[in-house]
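Engineer: I have a structure I would like to understand better, so I am pasting it below and will then ask my questions one at a time.
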Amino acid sequence: FLSFLGHWGRCIGDCGSGGIRSRAVWCVHVEGWTTHHSNCELRDKPENQRSCLKVCDWHLELFEWEVSEWQLCVLVPFAHGEVKPRTTDCVTAQHGLQHRSVHCIQKLNRTVVANEICEYFTPHPPVEQACLIPCPRDCVVSEFSKWSECSKDCVKRLQHRTRFIISPPLYGGSNCPNLTESRTCDVPITCTFGEEEYTYSLQVGPWSKCRLPHLKEVSVIGRTMLDFSSDSAERSTFKLHSYKPHHHSKPWDVEIGYQTRQIRCTRSDGKNAMLSLCMQETIPLTFQSCVMPKDCETSVWSAWSTCSKTCHSGDLSPGFRSRHRSIKYIAVGIGKECPELEEKEACNIGGKEFLHPCPRFSWRTSEWKACQVTLLLDQQDPRQYEHTALCGGGIQVREVYCVQSVIESGTHKLKEVTRPIDKKFCVGPAPSASQLCNVPCPSDCLVSSWSAWGPCVHENCHDHQGKKGFRMRQRHVVMELVGTSQSCPHLVESIPCEDQLCYQWVISEGVCVPDQGKCGHGNRILTAICKNNKGEEVSPTLCSEFPHPETMVCELPCAMDCVISDWSEWSSCSHSCSSKNAEGKQSRTRSTLALPGEGGKPCPPHQALQEYRLCNENICTQLYWETSPWGSCSEDTLVTALNATITWNGEATCGVGIQTRKVFCMKNNFGQVTNKRCPDSLRPETVRPCLLPCKKDCVVTPFSEWTRCPMTCQHDNATAIKQSRYRIIIQNAANGGQDCPDTLYEERECEDIPVCPVYRWKTHKWSHCVLVPDSVRQGILGINEACGRGLQSRAVVCLSNNNHAADVTECMKWTEPMPSLVQECVIPCKEDCTFTLWSKFTACSSDCESTKSRRRSLTGTGRSRKRDKCQNTVVYPQVETEECPCETFITQHHGNWSDCIIAEGKTELKLGSRVQGETKHCGEGVRLRAIACYDKTGKLVDPSYCSSSGYIEERCVIPCPFDCKLSDWSSWTACSSSCGTGMKIRSKWLKEKPYDGGRPCPTLDLKNQVRQVYEAVPCYTECNQYSWVVEPWSPCKINSEQNSLHCGEGIQTRKIRCVNTSEGGEDESVPITLCDQSEIPKETQTCNLYCPNECVMSDWGQWSQCPQVCDPNIMQTRTRNMLRSPLNINTCPKETQMQPCVLNQNCFQYQYNLTDWSTCQLSENATCGQGIQRRLLNCIRSDGKSVNMNYCEQLNLEKPEQLSLHCLVECAVNCQLSKWSAWSECSNTCGIGGQMIRSRSIIMQVQGEGRLCPTQLTQYRNCPVKPCYTWILGEWSLCRLEGGQCGEGVQIRNLTCVVHDASMSVPTKQVENALCGELPSKDNALQLPCSVPCPGDCHLTGWSEWSSCELTCIDGRSFETTGRQSRSRTFIIQSFENQDSCPEQVLETRPCSGGKCYNYAWKTSLWRENERTVWCQRSDGVNVTGGCPVQTQPAEIRHCNPECKKPFSYCTQSGVCSCERGYTEIMRSNGFLDYCMKVPGLDDKKADVKTGKNKPVNSKMHDIFKGWSIQPFNPDGRLKIWVYGVSAGGFLIILFLICTSYLVCKKPKPHQSTPPQQKPLTLAYDGDMDM
C-alpha cells in the first residue's frame, strides 16, 4: 500500500502567517485502488495540513516581484545551453530567445517566497521573450599606418606599422587580427670606425618594499655585502642613534625603514651588459628612507542601537539600526586606509504581536468662524466699508490641524489626542479652511396705505364708563421683515374724539304719503336699524338709549308746484382733522327738477339748493403705540420648573425663558407722550416666552509639543535658540460661556543644548633626520658620507579643551585634518649649497601695485668652486617676490533679471498670539540680478565684497487687476401702473472697463452703444391712491330761443379733477393721467326740466346686486319714485327697470392675481449671497382690470401664502492664494547657474466671475555667484626614472586648489590650498608606477583615439539605442628575439550615445592586366579591414572559367576565351570555345602547342578579325544556312572519296606508282585531335 497525495489547496484563514492550507491523502494499493487509512503505516503518513501565508490586500506593501535583467539573446535551437554554431547563411538577423529570472520576494529582508503570493496582486512577469540576433560581425580595423622610419645609424633595427580597432567583434564574429606588422629595415648598415653595432641603456628596477634593517646589517659595520633577499622575520632590537624601533608602538609612532632598487645595463637587443658600459655622470639612487606601512586599526563594533521602528503599522516597512567603531591607529605610509566607521541595517523587532500599534494621524478642524463679508469685499474694492451695515455673501474660515490617534493597550480602541502636531504627518488632502457663507440682510417691512378714518367710538364698547373716544385708521403688512430683529412700523393710528358712539341707528326714509288727496303735506315712515361702529347690524336693544322718530313730515308737490330733488350725499371731508389754520367741511346739493306752473308753489332760491357742515372737528393729533426690539432671552423664575426636558416647536432646547420689550405711546411729529393718551386696548405685549440659548464654553486644544531644540551641538558664541508651542481655538465662547484664554502661543529658550566640544591637535618636535642605515649606504659603490635626503617624524596627540588626552576620532570629527606625521629632511653633504631660512615678507603699502619680498643668504661656502655654483641665482634664488593683495573689486552681472518680487508682510510674534502680516500679490516690488565679484587679478571672490545682498536691484511693478466699475444703482422709477401691479426699473452705468485680469463687466449691449445694466421688479399701486372728484352738476340749461316755456330737454355741465387720496396727499389735484381713464366721469349730460302738469320722476336708484356667479337668467333691478303727479296719472313712466346679469357688462367676478417672481433682490448693503424673490398680489376683475383689494377681500377669497422666497446670488470669489513659501536653498552651492525657487498654492478656487488664478505659482531668481573651490588634478608627468634611461619609474601629477564659477568658459585661477578644505580621497592618486621600455624591449603603444560611435543596425535601422566606441593598444617589437615576451594587444569598448548606422561595401579599382585592387569601405568613406562579407568579395585576379587550354587561345579582359591573331574561334553549342582554326592566307607565327603558351596578339588586329569567327548557330539557337551548305558539300566529298577509294582498290595496272597519301580535312568533332 502506498500514500497517494492530492494538490495543496488555497491558503485560508486570517491575514498573515496564520493561514492554513490542506490537501487530501489517500491510502492506495499498488494496483491503483484506494483502501482504508489503517492499511498504510500511520507514521509514514504525509502531512495533510501546513501553515501558510494568507495573502490580503494590505500585503501589497510587503511583497514584490524581483525581476533580473534580460540575458543575452541566443539562437532558438540553442536556447537551453547547446553550443551555438556560426551560421554562414545569415542575411540580416536570426530569431532568438532571452531569459530572465523572476522571484517573489519579501521587501523587508529580500528573501524569496512562494510566487503565488505576488500572483495574488499582479500577474507573473514573463521569463522569456523573443529577440533578434544580428548576424555575426567580424572585428573591423583601420588601414595600416605608414612604415616607421628606419634609422641610418650603425644599429640593426626593425621598422613597424600599426592599425587600430574600429569595431569589436560582435555576435560570434571573427576576432581582431594583429594590429602590428614588423620587418627588418632594408637599409644598408655602414658602421664607421669605432662605432658600435649596439647601444646601451641604464635600466633602473622597481623599489623594494620598505623594511627595517636586519641584524647582520646593523652589527657588521663597514661590510659591503647587501642583502636583497625577501624580508626576514628577524628584527633588530638594537637602538642606533639614527633609528629607534619600538616593539609596542604608541598611536602614530612612526617606524622609518629603507628601500632599495637594482640598476643594470641593457643592450639594444635586450641582453644585459656590463654596468660600466652604461656609466654616466650621476648615478641613480639605489636606496632611500621610507615609512614602514601600518594599516589603520579600529576598535571593535559597538552594540547595535535600538531599532528605529518601535511600533507596527499597515505597511510593515522596516526600521533601521546602526553601530559604530572608532579609530585606534591611523594608517601610516602606504598602509590600508580606515574602513567605514558606521554601519546601518534594516530591522524589524519581532512580529506585530510584540509591537504596539503606531499612532494614526488625521485631519481635524475647528468650528467655522463668523461669516465675514469684508473678506469678500476686500477682494473687490480696497475702500473701507461700514462693517456694521454689511450683509450678504461673505467668507468664513476655520483652523485645520493634524492630530494623532493611538490605540489603547488591551482595548484596541482608538483614543484621540487632540494636541495639534506637525501637518506633515497627515496624509491625504486637508479639509477646506475657507468657504462661502451668507450674512442675512434685513429687508424692509412693506405696509399698505392707511385706510379712511373710522367713526368716533369708545375705546371699549363693553365698558365705556369714563372712557375716551377715538377715531382709528389701519394699514396692513404687505411683506414681512426678514433677517432682522426690528419690527414693522405701527399699523394702527388713533385720534381722540368727543362724540364717541359704539352703536347708532341707521335710518332709511320711506315714500311720502299725503295726508289728503294726491299732493300736499304728508308723512314719511322711517325705518331704523341698529349698527355698531363697524357697520354691522346688531340687536336694537344696544341702541335703546338713543330714541329715534318713527315718522317724518314731508310734502308731495302738486301738479303746478316746483319740484326739487332730494339732497345728495355729503361730500368727503376736506380735512382729516381740524387745526388753527384749517377745519374740515362737507357739502351737499339738490337741484330743480320742474318749474312751477301758474298758481303753483314757487321754487326755493338758489342758495337754498346747497348746504355745508363742519366735519372732523377733532384736532390733528395722531397717536400710536411703538415698541423697542425684543431683549435677549433670559431665565425667569416662573418658568424654571418647565426647564427640565422641554421641547419647543419640536426642538430640544436648554430651557424656556422670557423676552421683554418696552412700549411707548407716541404722538406724530412730537415724540413720546404719556401712555394714557393711547388706546389701552391696542397696547402691544411686553413679555413673551422664548428659547433659552445653550451656553457654549470656549474649547481649545492642548498646547502642541514644544518645537524641537537642535540635536546638534552649538558653539559658545551662537545666538540663543528658542522653541515654541501653540494651541488652537476649536469653539469660541457664546451665550455667557467660559471665555477663551488669552495665551495661544508661547516661546522659551532651549535648555540643555549641548555645547560643541573643542578639540585640538598637539604636535611634538620633529625628530632628527633619519637616513638609510650606514651598512646599506656604505655597501653601495663606496658611499661613506652620512648625508642626503632622509625622513623625520613627530608625535601628534589629540587634546580636549581641558588639555586631557582624547580619542583620535574626536579630533578628526571636530577640528581640521590631522597634521602630517612625517616629512622629508636633508642632511647637507659637503658639496651641497646651504642657505639661511627665508626672512619674513616685507610689509605691503596701500597701493594696489605694490609687491612684497623675502630673502635668504648663502652659508658655509669654503671652496671657490662650490661658492661659484651656489651663487647661481637662477638655480638657487636668494630673493622671492609676490604681489600684495588688492582690495579693488569688479562687479559683473550674471543671468537674467528675476521675476518681480513683492515684499511679504512680516509675521510678528507677540507674546500669546501670532499676528500675520498682510500678503500682497501685486503692486511695487523689486527684481534682482545676480552678480559675480572679481578681484584685481580676475579671481572670483565672495559676492559680499561687491554687494551686501549679492544682487543688483531694480524697481518693478506687478499691475494690480482692475475690476469693471459700474455706477451705483439709480433710483427706482415710478411704478408703471397707477392701479394694481406694474414694473419699476433702475439702472447702472459703465464707469470704467476692466484691465489686467480684473473682473469682467456684466453683459452690456455695446453694439447699440447701450452701456447700462437694467434691473426690473414688479411693483404695486393702491387703486384708490388717485381718484376722480366731481363738482355738482350745473342747473339744467334750456335753449330759450326755441322753447318759450323754458322747460323740456337741456344740458348741464360739471367740473372733474384727479386728486391724490393717499396719506399726505390732502386731496391735492394731480394730472388726470394718474387716474383711471376708463372710469373718467362725464363732464356734460343731457337733462330734463319738467314742464308744468308733467309727471316728475326721481333719479334712478342703484341697481340691485347680481349674484357672485353671474347668471343671465337672474335679473337686477333699479327703481325710482314719482315726485309730482300729473293731471293725467297714466302719462307717468315706469318706476322699475330690469336687466339680466351679463358677465363683464353689469356683472363682474373677482380673483386674486399673482405676478411672476422678481429677480433675486439683494440688500443695498450686500453684493452677493442670500437675497429675496418677491411676487405681488392684486385683485383683478373678470374683464382683466385691476381693482381695489377690497373687492377680493369682501368675497373672503383664499389668499396665496408665499409672496417671498429666499434666493442666492452667486458670489464672485477671486482666486485666493497662500503666502509665498520661503526661498529654497540654491540649486548650486557655488558658481553660476544656481537658482532659488519659492512657490505658493491656491487656497480657494475662483468662483463665479471672480478674478482668475494667476498662472505664476512659482518664482525663480538666480543665486549670487559664489566662488567654487575645487582640487584640480594636473596632467600626468612623463615617466620619471630618477637618473636611469629606462626601466621602472613614477608618474607624478599635481593637486592644485583653484577657484572657478562652475562654467567651462572662464579659466580657473589658483588659490590657497586652505580654501579647498579636505584633500580628496586616496582614489585620486598623485603618484603612479610607470615604465619606460629599454631598447630591444617589446612594449605596448599608447591608446588610440576612440572610434566614432557606431550602432548595430539591421537593414539600415538601428537595433539598439546606445552604440559603442572602441580603442586599442598594440605592441611594438624592437627585436625579433624578444617577440615571445611581448604583451597581448588590448581592446577597450564603451557605450556611447548619438551613434550612426554604417554600411560596409567592397570597392574595386580598374583592371590592369587582369589584376585589380579590392578593399572594404565604410559608408562614411573610411577604408577598413573586416566588415564586408567574405562571400561576396570580388576577385583581385581575373580568370576564365573554364580555363583557356585550347591551342592558340587566351583569356580576354571580359573573361572569355578567344583565339590569337590569325586564328578564328570555332564555338560549341553552349557558347564556349571549341578550338582555334587558322585563317588561310595569313602567315602568323604558330603557338607552341606543346607548351600551351598563348601569346597575346595585337588587340586592335584581333578586334578587326574578331567578326570572322565561325558561329554555326543564330542567336535564336537555329543552325545557320551555310552550315547546311557545308554539310551538303561534305556529303558530296564523301561520295567522291568512296568512289576514289574504289578506284584505288581496283587491281592496279602493272608498273603504276602509288600517289602520296593526303590528310583529309574534316569539320566533324573528333575529340581533342590537333588540326
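The values are calculated or read from the model by the stated rules, or taken from the named source; none is laboratory data. The structure presented is a predicted model; accordingly, all values stated were derived computationally and were not measured. Cβ coordinates were reconstructed from backbone atoms using ideal geometry, including for glycine residues, and neighbour counts include every protein chain displayed. These accessible areas exclude ligands, DNA and RNA; they are computed on the full protein's heavy atoms, side chains included. Shrake-Rupley method; radii C 1.70, N 1.55, O 1.52, S 1.80 Å.
Engineer: Which of the residues spanning region 206-218 are at pLDDT below 55 and under 11 Å from PRO773 (Cα atoms)? Talk me through it step by step, then tell me what you get.
Structural biologist: Looking only at region 206-218, we keep the residues that are at pLDDT below 55, and these are 216-218.
Once the filter is applied, which keeps residues that are at pLDDT below 55 and under 11 Å from PRO773 (Cα atoms), region 206-218 yields GLU217, VAL218.
Engineer: If you don't mind, another one. Identify all residues within region 1342-1376 that are of a type in the set (Lys, Arg) and either in contact with an Asp or Glu (Cβ under 7 Å, 6 or more places away or on another chain) or open to solvent by 70 Å² or more (accessible area, probe 1.4 Å) (or both); write none if there are none.
Structural biologist: Keep residues of region 1342-1376 that are of a type in the set (Lys, Arg), which gives 1357, 1364, 1367, 1369.
Listed by number, the residues that qualify are ARG1357, ARG1364, ARG1367.
Engineer: Within region 319-353, restricting attention to residues that are modelled with pLDDT under 70 and under 15 Å from LEU108 (Cβ atoms), which residue is least open to solvent (accessible area, probe 1.4 Å)?
Structural biologist: In this case the residue turns out to be GLY351.
Quick grid of which residues meet (1) at pLDDT 75 or above; (2) open to solvent by less than 60 Å² (accessible area, probe 1.4 Å):
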residue	(1), (2)
PHE4	no, no
TRP8	yes, no
SER17	no, no
VAL28	yes, yes
GLY32	no, yes
HIS36	yes, no
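Engineer: Ok, one more. Evaluate the following for SER568: is it in a loop (DSSP other than H, G, I, E, B), over 24 Å from LYS1037 (Cα atoms) and at pLDDT below 85?
Structural biologist: No: the conditions fail for SER568.
Engineer: Also, I was wondering about something else. For region 290-306, check the following and say yes or no: at least one residue is within 30 Å of CYS358 (Cβ to Cβ) and either aromatic (Phe, Trp, Tyr) or modelled with pLDDT under 75 (or both).
Structural biologist: yes
Engineer: Inspect all residues belonging to region 777-789 and state whether any of them is more than 18 Å from PRO284 (Cα to Cα) and surrounded by 12 or more Cβ atoms within 10 Å (Cβ to Cβ).
Structural biologist: Looking for residues that are more than 18 Å from PRO284 (Cα to Cα) and surrounded by 12 or more Cβ atoms within 10 Å (Cβ to Cβ), one finds none in region 777-789, hence no.
Engineer: Sticking with this structure for a sec: Of the residues THR1229, THR1258, only one is at pLDDT 85 or above, closer than 30 Å to MET818 by Cβ, under 39 Å from the mean Cα position of the chain (by Cα) and surrounded by fewer than 17 Cβ atoms within 10 Å (Cβ to Cβ); which?
Structural biologist: Of the residues listed, the single one that is at pLDDT 85 or above, closer than 30 Å to MET818 by Cβ, under 39 Å from the mean Cα position of the chain (by Cα) and surrounded by fewer than 17 Cβ atoms within 10 Å (Cβ to Cβ) is THR1229.
Engineer: Could you tell me whether any residue of region 1326-1334 is in contact (Cβ under 8 Å) with a residue 40 or more places away in the chain, in contact with a His (Cβ under 6 Å, 6 or more places away or on another chain), not small (Gly, Ala, Ser) and not in a helix (DSSP H, G or I)?
Structural biologist: Yes, some residue in region 1326-1334 is in contact (Cβ under 8 Å) with a residue 40 or more places away in the chain, in contact with a His (Cβ under 6 Å, 6 or more places away or on another chain), not small (Gly, Ala, Ser) and not in a helix (DSSP H, G or I).
Engineer: I would also like to ask the following. I'd like to verify a number: residues in region 493-517 that are assigned to a loop (DSSP other than H, G, I, E, B) and either among the hydroxyl-bearing types (Ser, Thr, Tyr) or surrounded by fewer than 13 Cβ atoms within 10 Å (Cβ to Cβ) (or both), how many?
Structural biologist: Step one: of region 493-517, the residues assigned to a loop (DSSP other than H, G, I, E, B) are 498-502, 510-512, 515-517.
The next check asks that each one be either among the hydroxyl-bearing types (Ser, Thr, Tyr) or surrounded by fewer than 13 Cβ atoms within 10 Å (Cβ to Cβ) (or both); those that pass are 498-499, 511, 515-517.
Counting residues in region 493-517 that are assigned to a loop (DSSP other than H, G, I, E, B) and either among the hydroxyl-bearing types (Ser, Thr, Tyr) or surrounded by fewer than 13 Cβ atoms within 10 Å (Cβ to Cβ) (or both) gives 6.
Engineer: Now for a different question. One residue is enough: does region 235-250 have a residue meeting the conditions out of contact with any Pro (no Cβ under 9 Å at 6 or more places or on another chain), modelled with pLDDT of 75 or more and open to solvent by less than 50 Å² (accessible area, probe 1.4 Å)?
Structural biologist: No: zero hits.
Engineer: Hey, another quick one. Could you look through region 1287-1311, keep only residues that are in a loop (DSSP other than H, G, I, E, B) and over 30 Å from PRO817 (Cα atoms), and pick out the one that is most open to solvent (accessible area, probe 1.4 Å)?
Structural biologist: MET1304
Engineer: Being touching a Leu at 6+ places or on another chain (Cβ under 7 Å) and farther than 18 Å from ARG1054 by Cβ is the filter; apply it to region 1074-1091 and report the residue that is most open to solvent (accessible area, probe 1.4 Å).
Structural biologist: TYR1090
Engineer: Has region 1108-1116 got any residue that is of a type in the set (S, T, N, Q) and under 60 Å from the mean Cα position of the chain (by Cα)?
Structural biologist: No, because not a single residue in region 1108-1116 is of a type in the set (S, T, N, Q) and under 60 Å from the mean Cα position of the chain (by Cα).
Engineer: Going by the conditions given, is ALA1314 modelled with pLDDT under 85 and open to solvent by 40 Å² or more (accessible area, probe 1.4 Å)?
Structural biologist: yes
Engineer: Anything in region 1268-1282 that is part of a strand (DSSP E or B), of a type in the set (D, E, K, R) and within 49 Å of the chain's Cα centre (by Cα)? List them, or say none. Spell out how you get there, then give the answer.
Structural biologist: Within region 1268-1282, the first condition is being part of a strand (DSSP E or B), and the residues that meet it are 1268-1273, 1280.
Of the ones still in play, those that are also of a type in the set (D, E, K, R) are 1280.
Matches in region 1268-1282: none.
Engineer: Out of the residues in region 858-872 meeting the condition of being within 15 Å of THR836 (Cβ to Cβ) and part of a loop (DSSP other than H, G, I, E, B), tell me which one is modelled with the highest pLDDT.
Structural biologist: GLN871
Engineer: Okay, next question. Are any residues in region 616-636 surrounded by fewer than 18 Cβ atoms within 10 Å (Cβ to Cβ) and closer than 30 Å to ASN581 by Cα, and if so, which ones?
Structural biologist: GLU617, ILE619, CYS620, THR621, GLU626 - these are the residues of region 616-636 that are surrounded by fewer than 18 Cβ atoms within 10 Å (Cβ to Cβ) and closer than 30 Å to ASN581 by Cα.
Engineer: For region 694-739, how many residues are without any contact (Cβ under 8 Å) to a residue 24 or more places away in the chain and of a type in the set (A, V, I, L, M, F, W, C)?
Structural biologist: 2
Engineer: A follow-up question, please. Take ALA1401 and tell me if it is open to solvent by 50 Å² or more (accessible area, probe 1.4 Å) and either part of a strand (DSSP E or B) or among the small types (Gly, Ala, Ser) (or both). Outline the logic, then answer.
Structural biologist: On the way: open to solvent by 50 Å² or more (accessible area, probe 1.4 Å): no; either part of a strand (DSSP E or B) or among the small types (Gly, Ala, Ser) (or both): yes.
Answer is no for this residue.
Engineer: Tally up the residues in region 925-946 that are touching a residue at least 60 places away in the same chain (Cβ under 8 Å) and under 30 Å from GLU849 (Cβ atoms), please.
Structural biologist: Number satisfying all stated conditions: 11.
Engineer: Among the residues that make up region 963-974, is at least one of them touching a residue at least 24 places away in the same chain (Cβ under 8 Å), over 30 Å from GLN1310 (Cβ atoms), touching a strand residue (DSSP E or B) at 6+ places or on another chain (Cβ under 7 Å) and surrounded by 18 or more Cβ atoms within 10 Å (Cβ to Cβ)?
Structural biologist: Yes, the conditions are met somewhere in region 963-974.
Engineer: Say whether the condition of being in contact (Cβ under 8 Å) with a residue 40 or more places away in the chain, of a type in the set (S, T, N, Q), surrounded by fewer than 13 Cβ atoms within 10 Å (Cβ to Cβ) and under 30 Å from CYS519 (Cβ atoms) is met by at least one residue in region 1042-1051.
Structural biologist: The answer is no; no qualifying residue exists.
Engineer: Which residues, counting only those in region 823-856, are outside any loop (DSSP other than H, G, I, E, B) and out of contact with any helix residue (DSSP H, G or I) (no Cβ under 9 Å at 6 or more places or on another chain)?
Structural biologist: Passing the criteria: GLN823, GLU824, CYS825, VAL826, ILE827, THR851, LYS852, SER853, ARG854, ARG855.
Engineer: Another question, if that's okay. Take the residues in region 1404-1421 that are open to solvent by less than 50 Å² (accessible area, probe 1.4 Å), in a loop (DSSP other than H, G, I, E, B) and at pLDDT 85 or above, then tell me which one is farthest from SER1347 (Cα to Cα).
Structural biologist: Restricting to residues being open to solvent by less than 50 Å² (accessible area, probe 1.4 Å), in a loop (DSSP other than H, G, I, E, B) and at pLDDT 85 or above, the top hit is SER1405.
Engineer: Using the structure shown, decide if PRO710 is modelled with pLDDT of 90 or more and more than 30 Å from TYR624 (Cβ to Cβ). Walk me through it before giving the result.
Structural biologist: On the way: modelled with pLDDT of 90 or more: no; more than 30 Å from TYR624 (Cβ to Cβ): yes.
So PRO710 fails the test.
Engineer: Out of the residues in region 1465-1488 that are open to solvent by 80 Å² or more (accessible area, probe 1.4 Å) and modelled with pLDDT of 80 or more, state the one that is nearest to SER1449 (Cα to Cα).
Structural biologist: Only one residue fits best here, namely PHE1472.
Engineer: Here's something else I'd like to know. Does ASP742 qualify as being in contact (Cβ under 8 Å) with a residue 60 or more places away in the chain, under 23 Å from GLY333 (Cα atoms) and either small (Gly, Ala, Ser) or open to solvent by 30 Å² or more (accessible area, probe 1.4 Å) (or both)? Full working, then the answer.
Structural biologist: On the way: in contact (Cβ under 8 Å) with a residue 60 or more places away in the chain: yes; under 23 Å from GLY333 (Cα atoms): no; either small (Gly, Ala, Ser) or open to solvent by 30 Å² or more (accessible area, probe 1.4 Å) (or both): yes.
Taking the combined requirement at face value, the residue does not satisfy it.
Engineer: Of all the strands (runs of 3 or more DSSP E) wholly in region 1089-1144, which have at least 3 residues that are under 25 Å from ARG590 (Cβ atoms) and modelled with pLDDT under 85?
Structural biologist: Once the strands (runs of 3 or more DSSP E) in region 1089-1144 are filtered for at least 3 residues that are under 25 Å from ARG590 (Cβ atoms) and modelled with pLDDT under 85, what remains is 1122-1124.
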